[in-house]
1. Cβ contacts < 9 Å: first residue within 12 Å of chain B (Cβ to nearest Cβ) and within 19 Å of B:Leu318 (Cβ to Cβ), restricted to the range A:136-164; second residue open to solvent by 40 Å² or more (accessible area, probe 1.4 Å) and assigned to a loop (DSSP other than H, G, I, E, B), any location; separation 6+ or different chain. Result?
2. Can you tell me how many residues in the range A:137-157 are surrounded by fewer than 24 Cβ atoms within 10 Å (Cβ to Cβ), assigned to a helix (DSSP H, G or I) and touching a Leu at 6+ places or on another chain (Cβ under 9 Å)?
3. Mind counting the residues in the range A:88-128 that are over 20 Å from the mean Cα position of the chain (by Cα) and either more than 7 Å from chain B (Cβ to nearest Cβ) or open to solvent by 10 Å² or more (accessible area, probe 1.4 Å) (or both)?
4. Of (1) outside any loop (DSSP other than H, G, I, E, B); (2) in contact (Cβ under 8 Å) with a residue 24 or more places away in the chain, A:Gly363 satisfies all except one. Which?
5. Report, by residue number, each residue of the range B:287-297 that is within 7 Å of chain A (Cβ to nearest Cβ) and either touching a Phe, Trp or Tyr at 6+ places or on another chain (Cβ under 7 Å) or at pLDDT 90 or above (or both).
6. Answer with yes or no whether B:Phe180 is modelled with pLDDT of 95 or more, away from every other protein chain (no Cβ under 14 Å) and out of contact with any Pro (no Cβ under 7 Å at 6 or more places or on another chain).
7. Could you list all residues from the range A:111-128 that are touching a residue at least 60 places away in the same chain (Cβ under 8 Å) and either in contact with an Asp or Glu (Cβ under 9 Å, 6 or more places away or on another chain) or in a helix (DSSP H, G or I) (or both)?
8. Mind telling me which of the residues B:Ser28, B:Ser51 ends up being open to solvent by 20 Å² or more (accessible area, probe 1.4 Å) and in contact with a helix residue (DSSP H, G or I) (Cβ under 7 Å, 6 or more places away or on another chain)?
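The values are calculated or read from the model by the stated rules, or taken from the named source; none is laboratory data. Since the structure is predicted, the reported quantities are computational estimates derived from the model, not experimental observations. For neighbour counting, all protein chains shown are included, and Cβ atoms are generated from backbone atoms with ideal geometry for every residue, glycine included. Ligands, DNA and RNA are stripped out before the accessible areas are found, and what is left, the full protein with its side chains, is counted by its heavy atoms. Shrake-Rupley method; radii C 1.70, N 1.55, O 1.52, S 1.80 Å.
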Amino acid sequence: MPLLDTVVGSLDVHASLTALTSLTADASSTADPAGLLPARQQMALSLGWHIILACFGVAFPTIILAMHWRGVYREDADAMRLARRWSKVSAVLFAIGAVSGTVLSFEMGLLWPGLMGTFGDVLGLPFAFEGLAFFLEAIFIGLYLYGWDRMKPKVHLLMLVPMAITGVVGTFCVLAVNAWMNEPTGFDIVDGEVTNIQPWAAFFNDRVWLQFGHMWVATFMVAGFCIAAVYAVGMLKGRRDRHHRLGFIVPFVFASVAAISQPVVGHFLGAELAEIQPSKLAAMELATTSESPSPMTLGGYVNSDGEKVGAIEIPYLGSIIAMESLSEPVPSLDEFAEEDLPPVNLTHWSFQIMIGLGMLLMGLALIFWFARWRKWDLLDADRATSRWFLRIMAFSGIAAIAAMETGWITTEVGRQPWIVYGVMRTPEAAGDNSGLWWLYWITVVVYTLMTIGAIVVLRSMAKRWRRGDESLPSPYGPELETGSATDAAQEPAR
Amino acid sequence: MSLEVVVAAALFAGVLFYAVLGGADFGSGFYDLTAGGSRSGARIRRQVDHSIGPVWEANHVWLIYVLVVWWTAFPSAYEPVMRTLIVPLFLAVGGIVLRGSAFAFRKYAESLALARFFGVVFAVSSVITPFFLGAVAGAIASGRVPAEGRGDLWASWLNPTSVIGGLVAIGTCAFLAGVFLVADATRGPDADLAASLRRRVLAVGIGTGAIVLAGLIPLHDDAPTLWYGLTHRALPLVIASAVLGAATLVLLWVRRPGIARFTAVGAVAAVVSGWGMGQYPWFLVDEITITDAAGATATLEALLVAVGLAAALVGPSLGYLLHTAQKWSAEDAH
């Protein structure tokens, strides 16, 4: 039982690790509580991991719905087979998404007791509705997954509709909490006490709509490009049947619409920053001093003396894009006290990586549809140009995930040193628990194993499908004795 | 009833549903673990797969419901629990992660070796996770979670009441799951499977009953507030749990597993409600009451809207899922 050995092993390590971390904490004796850094690491790991699966939880049901709809109403056997396979993939992804989401609901309290104890009744309501949405999603995925061949096809298909809707509602609720952290509202602070709480105002804050829009579109970019990338790889490996074309094109349509609209949503989201979080905007733009008009800064970093080094500056563009003006300066870092600034270089670089990858993905979508309009078939893997397109497409899923992750790093790191912007600093929310380090390392081990497990299982599913084992019999099942003869019969012309 | 108590009741309803539905889910791991070798145990494991496959994700959302309502409605009773009981809570969530992912991985595992590996992870974590949740309940019920500061990281949940809570949780989960599995298997064609499960469940039931009754004795000294509640206000529930538990054993003995499902659910619900009733009006026993722990009134009212909506939307959907899953389970068996 290697898994248990690893866990037990890290428990032994824990004793020495705890001693070590509490020593260093004493030695440095800074104002930060001992639980701050491990809580940050843990949150970054578990949230960064879960958010990828959350994207599939939100967007995949809609994409499967499109495919399954085609299968049912156009009697398209290829579409039907793809929908059936995707539903099995989603079963695996939803399972690990559900459990890693449960982890987060524990961590809100375990890692940030100061936040939940103080503001639990301000920011709790959207979580309650998120829980409600997820409840419905979990119910209908059970019905959908087990409903194959048991429900009437047209009724079975409809099980996806509540899943698609609750995915959207859930996204809105989670983003409502994050938007509230960026622009807190719905309460007053009198003599250090939180009073006059208006939970609905906190829920439907001004910032949520654009943040929701940005993330909702991002989920379709992540899921759409990831799925399309799988079939791009298949076509590069010489599988050029209709099954692969359809498996590519349906998610790619969703990804294209998302990738092309994302810069617009992102622009409006960013345009409010000068008002709401000027220090975040200054860090994103790497604006060290106020300039009129402000340039756009590409690359570069701020050194320990606070000087900008190695950047390419494009005149005017900073003011035009961030301020929607020809002359208005972008907020600059020197307007803020040192202790009120986020980690500048990390914020700037993650922001620019997000933009760069987003542009690349939008470009891929535009190229494909332009070529299609000109009747060039970019999915014809016999042609050199098509092969190049497919090669780039093979990495589009990873690029979409990286863009989403760097976007979250930009907004989360850029909000520092605040957990509730302008109201509560992150150290105030953390607990004084150096023992969190060993919880963190256990989490690293468990999540690594879970990632490996998911990859192993998904790859073996794909391998068996290519071999013709359509129904993926359980090793414990009676199918073990009879072999896969029935499966081969079920699937002609493969 | 005051607004605070209504919301606390809504929260406790979540605890009850989790104990019954999530409990039956966890408990199936016990039979999976003790099913035997991969060939001889295949039938039981297939039955477990069929019985919990469609419902396990929904069953676990009850836990999320409980946490969310708790921190939203009673933030000042949430923070202390999270500070003091971080170790058992983290172990519980770790168990939930391992069992959930391993269950999904096993279903699509290609080789028997891989399925066996994931199966062991699923079964072991299913059996031990309820212990930590029961220990958390025991810590709260025995007054070991201080409202201010932090209680002992270890002694707060490694003490007589917590250990009893943990063992009772493991036992009731296994018992409940067993009754459901027997009922499912009895509807199927495999009489051997039903008989073998029935024997196991009778043993589990007698063991659990003994733990619950013997576990009451140390509470007198270790958790006096809870003891007082259990022997006064909650006494009818304590008696009901004993009667319903005994009735379940009798019904299993006379081969009426279909009816036994109802008495088993009643017995577990009575045990859990007995704990809640026993410590009322305390939220954290001897430290903070339900009324004192409550957050802003506007939030409690808004939360009732969410709870009402949940009852209207989740109630029928969940009922449909559970009903359909039972129907499919019966169809598969034939």
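1. Correct list of pairs: A:His156/A:Asp149; A:His156/A:Arg150.
2. 2
3. Restricting attention to the range A:88-128, the residues satisfying the condition of being over 20 Å from the mean Cα position of the chain (by Cα) are A:88, A:109-125, A:128.
Adding the requirement that they be either more than 7 Å from chain B (Cβ to nearest Cβ) or open to solvent by 10 Å² or more (accessible area, probe 1.4 Å) (or both) leaves A:88, A:110-112, A:114-115, A:117-119, A:121-123, A:128.
Number of matching residues: 13.
4. (2)
5. Looking only at the range B:287-297, we keep the residues that are within 7 Å of chain A (Cβ to nearest Cβ), and these are B:295-296.
Within the range B:287-297, B:Gly295 is the sole residue that qualifies.
6. Details: modelled with pLDDT of 95 or more: no; away from every other protein chain (no Cβ under 14 Å): yes; out of contact with any Pro (no Cβ under 7 Å at 6 or more places or on another chain): yes.
No, not satisfied.
7. Pass one, the range A:111-128, residues touching a residue at least 60 places away in the same chain (Cβ under 8 Å): A:111-115, A:118-119, A:121-126.
Those that are touching a residue at least 60 places away in the same chain (Cβ under 8 Å) and either in contact with an Asp or Glu (Cβ under 9 Å, 6 or more places away or on another chain) or in a helix (DSSP H, G or I) (or both): A:Leu111, A:Pro113, A:Gly114, A:Leu115, A:Thr118, A:Phe119, A:Asp121, A:Val122, A:Leu123, A:Gly124, A:Leu125, A:Pro126.
8. Details: B:Ser28 fails: open to solvent by 20 Å² or more (accessible area, probe 1.4 Å).
B:Ser51 is the lone residue from the list that is open to solvent by 20 Å² or more (accessible area, probe 1.4 Å) and in contact with a helix residue (DSSP H, G or I) (Cβ under 7 Å, 6 or more places away or on another chain).
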